[in-house]
Amino acid sequence: MPSSSEQLFARAQQLIPGGVNSPVQAFRSVGGAPFFTRSAQGATLTTADGRELIDFVCTWGPAIHGHNHPRIKAAIADALERGTSFGTPNPYEVEMAELIVSFFPSIQKVRMCSSGTEATMSAIRLARGFTKRDKIIKFAGCYHGHSDSLLVAAGSGALTHGNPDSAGVPASFARETVVLPYNDAAALDAAFAANPGQIACVILEPYIGNVGFIKPDAGYLQHVRKATAAHGTVLIFDEVMTGFRLARGGVQELEKITPDLTCLGKIIGGGLPVGAFGGRADIMDYLAPLGPVYQAGTLSGNPLAMAAGIASLKLLNHNPRETISPYETMDALGRQIRSAALAAAKAKGMPLQVPQVGSMFSLFFTATPVRDMASALTSDAKLYGRFFHACLAAGVYLPPSAYESWFLSTAHEGPAVEVACEVITSAIKSL
Ligand code: HOZ
């Protein structure tokens, strides 16, 4: 008798391409079929078959306070009483804008939208309109959602499933996207020299989370900032994943860099669909209705998403009665898992790299230090698949791809992280 997840997946495959509404949810690169989730609480997912799994995907980033947090739930319930969508401005949008601007000093004005894809797509159009230039620079392995200009050498599901350059993107669009290796300052300088006065923007995940988790070399991001300023090019930080997650003010706070525009999403929706982009007021004022760059959305600033996001952001404020901040808590958890994995690999004589900052990290089964897409691809993806299934069998759910970041939440503190360390250790031992 097939399990509930198997029955659901069989029905889904009849009507939904691949049985999933986002390819990253498919298990094709690790093998097997995805489970269906019935409910989620704290650090735990409960599957349609009643299994409880410790979750290191955290709905791909938003669940920084764990699943179904009571304050976020209460905020949504309160907003629901007032209505689900108005088609007019609403008070939550103003509070959300004030909160975002207070956390991110580089953001003077912000526009809400409904997904990270919309945020990056709109930020690029804005940068092109502002500079009156067409070309953009992106980095191999960075994933900025699925708009045409950005599905070139893309990470995440595009890379996992073997289509980093998606079919359906006109060659003429792709030609406007210059792709460079991350962490290579000389390649950036050469691209500017080869395209004088033509680059509208440089967009990057300042710490990459979509080809696994990768950190910049010392001074690299500062070089990117200097070079873009020198060439009159708009610097866009895609902090959809890292914003509010690695620090209240994202990577730009950790690295002390002021980008011109920032893209946000995930945490600012508290688990509901959301995106945002913001930055310098002189650039943002190019947007309609003030300026000539058009951007819009029926559900932009949706009251339920705003209420959930506001509650989520407020929970990130450090309560002075607590001795450590949520970020210190999550960094300690991340380090604990990193140490356990490295110790297990060392005992087995197995090469392993674990880049980690706070609540984001990845396990790369390779002896090569990982600092760009090419080195990430030296990781043994088949071995990761076996590791993934060993962990899943023991009750720990990891990203179903060797090329995704893991996420943890404040709810992983205590038994969840202890159990996860044991499971990861024995899974590595069993490989
Ligand atoms: N950035 C997310 C994973 N890398 C996207 C999630 C999705 O594509 O569904």
Turns out the helices (runs of 4 or more DSSP H) fully within the range 169-269 with at least 1 residues that are within 16 Å of the ligand (Cβ to nearest atom) and at pLDDT 95 or above are 250-255
Across the range 131-152, the tally of residues that are within 16 Å of the ligand (Cβ to nearest atom) and surrounded by 20 or more Cβ atoms within 10 Å (Cβ to Cβ) stands at 11
Would you confirm whether any residue within the range 366-383 is farther than 30 Å from D184 by Cα, in contact (Cβ under 8 Å) with a residue 12 or more places away in the chain and either touching a Leu at 6+ places or on another chain (Cβ under 8 Å) or basic (K, R) (or both)?
-> no
Self-check item: Residue check for S29: hydroxyl-bearing (S, T, Y) and assigned to a loop (DSSP other than H, G, I, E, B)
Solution: yes
(message) Any residue at all in the range 306-322 that's in a loop (DSSP other than H, G, I, E, B), among the aliphatic types (A, V, I, L, M) and within 29 Å of A158 (Cα to Cα)?
(response) no
Of the residues in the range 1-24, those that are of a type in the set (S, T, N, Q) and either part of a strand (DSSP E or B) or crowded, with 17+ Cβ neighbours inside 10 Å (or both) come to S5
Per the list (1) under 21 Å from F35 (Cβ atoms); (2) more than 16 Å from the ligand (Cβ to nearest atom), residue check on T368 breaks on (1)
The range 357-431: helices (runs of 4 or more DSSP H) wholly inside it with 1 or more residues that are under 22 Å from P216 (Cβ atoms) and modelled with pLDDT of 95 or more are 373-376
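Here's the yes/no breakdown for (1) modelled with pLDDT under 95; (2) within 20 Å of A402 (Cα to Cα); (3) among the hydroxyl-bearing types (S, T, Y):
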| residue | (1), (2), (3) |
| --- | --- |
| L316 | yes, no, no |
| R321 | yes, no, no |
| S325 | yes, no, yes |
| R335 | no, yes, no |
| A344 | no, yes, no |
- Given the structure, is T37 closer than 18 Å to F407 by Cα and in contact (Cβ under 8 Å) with a residue 12 or more places away in the chain? no
Right, T46: farther than 23 Å from A402 by Cβ, in contact with a Ser or Thr (Cβ under 8 Å, 6 or more places away or on another chain) and surrounded by 14 or more Cβ atoms within 10 Å (Cβ to Cβ) or not? yes
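The values are calculated or read from the model by the stated rules, or taken from the named source; none is laboratory data. Quick caveat, the model's predicted, so the values are computed rather than measured. Cβ atoms come from the backbone with ideal geometry, glycine included; neighbour counts cover every protein chain shown.
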